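*Asks:* Following this message is one structure expressed as structure tokens.
The values are calculated or read from the model by the stated rules, or taken from the named source; none is laboratory data. Keep in mind that what you see is a predicted model, and the values were worked out from it rather than measured. Virtual Cβ from ideal backbone geometry, glycine too; neighbours counted across all protein chains shown.
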Amino acid sequence: MTTMTRSHWLAAALGGLLLTGCASAPKDEPYQLTIAHINDHHSHLLPMQRTAINVDGTRYRVETGGFARVVTQIETIRANNDAVLTLHAGDAVTGTLFYTLFNGVADAEMMNHVCFDAFALGNHEFDNGDAGLKVFLDALAMSECNTAVLAANVQPEVGVSPLTPKTAWDSFQPYAIYRVNGEKVGVIGLDIAMKTKNSSQPDATTQFADEYETALHYIEELRGLGIEKIGLLTHIQYRNDLELAERLPAVDFIIGGDSHTLLGDYGRYGLPSVGPYPMQVTNAEGDLVCIGHAWQYSQVVGELQIQFNGDAVSHCGGQPHFLVSTDAPEAIQQLPQFTATAEHPQVVAHLQQYQAQLDELAAQVITQVSERLCMQRMGPSPFDECGRGRQSDAHQVVAQAFLANVPSADFALQNGGGVRREIAAGSFSIADAYGLLPFSNTLMTMSISGAEVHEVLEQALDYVLSAGGSDGAYPHGANIRFAVDMTAPMGKRIEHLEVRQHNQWQPINPEQRYTMVTNSFLAAGNDGWQLLGELSAQGRAEDTYIDYAQAFVNWAREQATLSRPSEHSTIEFKANTE
């Protein structure tokens, strides 16, 4: 816990603020606010064991991140600064067996070791519906941390959703106000609207309001309460943060997530940085806005330093801490971009208790993998070690597994976002399968015409290109192939669409009905695959009740060795370079 006053003034639907702390400092005195932040940890509670970091031509494989290091680093930031907020920008859950087996409880308990001041709901918080999110939020509330859960534009139906049994703000609130070292700071939470509705599984009655209109409304409300130091805690993607900052008045900082964006000087070390940390833009009133993202999977803790002159930002500073083990090579430890961090012993002990419950499952090896099967959600691989120019091998074998489990199907389709990791060479276990396919999906068969197949593939690509969409909608399949032109207009992006029948590739027949196998997430019309939802509503979908990760286990067990596939569903790919 920090030494500052950490009581929250939490905005509620009935209005009013719970005010604590001393009077604010005079407006003309300089003031520095420090924000320690993470985002998109996706149930990655343990360290990454072999992160590649290139230094002066040498590639090192280093242990990085893990929640035990996150806790240590945030404690260090609190100890070294007077005015600190600790923020998590969403997508805490889904991605490892810690979520598959513990339904968010393990994530919540690790977050409570940090004691975040605020947590913004992300799209993946809804992967098991409103009821699944309620389990996670109940676990998060089982501490003295008083973490504010923020989601200004999330609107479950009151009296219907388990999130809102009595009022709109039973489980979360639109914003929180903090007294931080004598100054009042307001923080508004936003979730990505279209993606969460279409690419996750919130209850059908749960709605998501426009991000800009919602932010503007609550900025005006905060200003009406006399709050002029205002930040957004968003899960709406980096590019949307930049746009939102420039359109809105009064915003001083944005801590964001969802796009898994790494900011900072990391490109020279072989890491995918997209810009400086912090990014700086000006808001609609011409004042400076500081923007911070902290990549993914508990590997980076951002330390944003914001200097105010009165209520306007005068300087954006700070640094991201890419967390490495204390026995990392000296060549890495001496670089300012990387922070050698000891694991917090209490967190390690707590994680070991969870790990003991996972070990039995994780130890069951089901096959061997001859060489690395890389994952690329969309487009050809740019890496030699993955087979430069190849489409995603991981997605291809997943589609093959779907088809093998439903032999009555003519072909399989799978979305890019449904496969969450590559397949490493060596032993492959049940736990690896559930890490590859971590969501609560089952296999669904669908009766679909050739013309409808073409239409739904076009819908998927249109969603990829839309603002607020995701390359997670990109299609992969087995016994089906096509050419993709992302520069073409809607309806013309899929060409040379073929299916394999009787071991022969044939152009798809627009009038013929086929049996397709896919996952239940897509069958519900998510990720922009709207037509599948309509077909399901017409009774043209049937649930096999085969868990999709178990389907991969079933198939992998029959393979003496998993090897790179000889073909992929995408036979040509022309990227949109805009």
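*Asks:* crowded, with 21+ Cβ neighbours inside 10 Å and either out of contact with any Asp or Glu (no Cβ under 6 Å at 6 or more places or on another chain) or of a type in the set (Asp, Glu) (or both), is that true of Gly292?
*Replies:* For Gly292, the condition - crowded, with 21+ Cβ neighbours inside 10 Å and either out of contact with any Asp or Glu (no Cβ under 6 Å at 6 or more places or on another chain) or of a type in the set (Asp, Glu) (or both) - is met.
*Asks:* Taking the residues in segment 534-563 that are of a type in the set (Phe, Trp, Tyr) and under 17 Å from Ser427 (Cα atoms) as candidates, determine which candidate is surrounded by the most Cβ atoms within 10 Å (Cβ to Cβ).
*Replies:* Phe552
*Asks:* Filter segment 337-369 down to the residues that are of a type in the set (S, T, N, Q) and either in contact (Cβ under 8 Å) with a residue 12 or more places away in the chain or in contact with a Ser or Thr (Cβ under 8 Å, 6 or more places away or on another chain) (or both) and list them by number.
*Replies:* Those that are of a type in the set (S, T, N, Q) and either in contact (Cβ under 8 Å) with a residue 12 or more places away in the chain or in contact with a Ser or Thr (Cβ under 8 Å, 6 or more places away or on another chain) (or both): Gln337, Thr339, Thr341, Gln346, Gln355, Gln357, Gln364, Thr367, Gln368.
*Asks:* Related question: Do any residues in segment 523-543 that are within 16 Å of Leu461 (Cβ to Cβ) have Cβ atoms under 6 Å from those of residues that are outside any helix (DSSP H, G or I), where the two are at least six apart or on different chains, and which pairs are they?
*Replies:* Asp527/Asn415; Leu532/Gly525
*Asks:* Pick from Phe439, Phe428, Phe402: which is in a helix (DSSP H, G or I) and buried (at least 22 other Cβ atoms within 10 Å of the Cβ)?
*Replies:* Checking each option against the conditions leaves just Phe402.
*Asks:* Further question: Sort out which residues of segment 310-343 are aliphatic (A, V, I, L, M), in contact with a Phe, Trp or Tyr (Cβ under 9 Å, 6 or more places away or on another chain) and over 17 Å from Ala52 (Cα atoms), and write them in order of number.
*Replies:* Selection gives Val313 alone.
*Asks:* Taking segment 49-106 on its own, how many of its residues are in a helix (DSSP H, G or I) and modelled with pLDDT under 95?
*Replies:* Residues flagged as in a helix (DSSP H, G or I) and modelled with pLDDT under 95 within segment 49-106 amount to 6.
*Asks:* Can I ask one more? Please work out if Leu222 is over 30 Å from Gly57 (Cβ atoms) and at pLDDT 95 or above.
*Replies:* Working: over 30 Å from Gly57 (Cβ atoms): yes; at pLDDT 95 or above: yes.
Yes.
*Asks:* Let me ask you something else. What are the residues in segment 170-191 that are over 21 Å from Ala131 (Cβ atoms) and either among the basic types (Lys, Arg) or in a loop (DSSP other than H, G, I, E, B) (or both), if any?
*Replies:* Across segment 170-191, the qualifying residues are Pro174, Arg179, Asn181, Gly182, Lys184.
*Asks:* Follow-up question, since we're still on this one. Take Thr367 and tell me if it is among the hydroxyl-bearing types (Ser, Thr, Tyr) and closer than 18 Å to Tyr548 by Cα.
*Replies:* yes
*Asks:* Right, something else. In segment 490-502, is there at least one residue being of a type outside the set (D, E, K, R), part of a loop (DSSP other than H, G, I, E, B) and touching a strand residue (DSSP E or B) at 6+ places or on another chain (Cβ under 9 Å)?
*Replies:* no
*Asks:* Go through segment 362-383 and count every residue that is within 23 Å of the chain's Cα centre (by Cα) and in a helix (DSSP H, G or I). Even if it seems obvious, please write down each step before you answer.
*Replies:* Step one: list which residues in segment 362-383 are within 23 Å of the chain's Cα centre (by Cα), which gives 373-382.
From what is left, the residues that are in a helix (DSSP H, G or I) are none.
Residues meeting the conditions: 0.
*Asks:* Lys195 is checked against (1) touching a helix residue (DSSP H, G or I) at 6+ places or on another chain (Cβ under 6 Å); (2) assigned to a loop (DSSP other than H, G, I, E, B); (3) farther than 25 Å from Ala36 by Cα and fails just one. What number does that condition carry?
*Replies:* The number of the failed condition is (2).
Rundown of residues vs (1) outside any helix (DSSP H, G or I); (2) surrounded by fewer than 18 Cβ atoms within 10 Å (Cβ to Cβ); (3) out of contact with any strand residue (DSSP E or B) (no Cβ under 7 Å at 6 or more places or on another chain); (4) among the hydrophobic types (A, V, I, L, M, F, W, C), yes/no style:
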{"site": "Tyr297", "(1), (2), (3), (4)": "yes, no, no, no"}
{"site": "Ile306", "(1), (2), (3), (4)": "yes, no, no, yes"}
{"site": "His315", "(1), (2), (3), (4)": "yes, yes, no, no"}
{"site": "Gly318", "(1), (2), (3), (4)": "yes, no, no, no"}
{"site": "Ile332", "(1), (2), (3), (4)": "no, no, no, yes"}
{"site": "Thr339", "(1), (2), (3), (4)": "yes, no, no, no"}
{"site": "Tyr354", "(1), (2), (3), (4)": "no, no, yes, no"}
{"site": "Glu360", "(1), (2), (3), (4)": "no, yes, yes, no"}
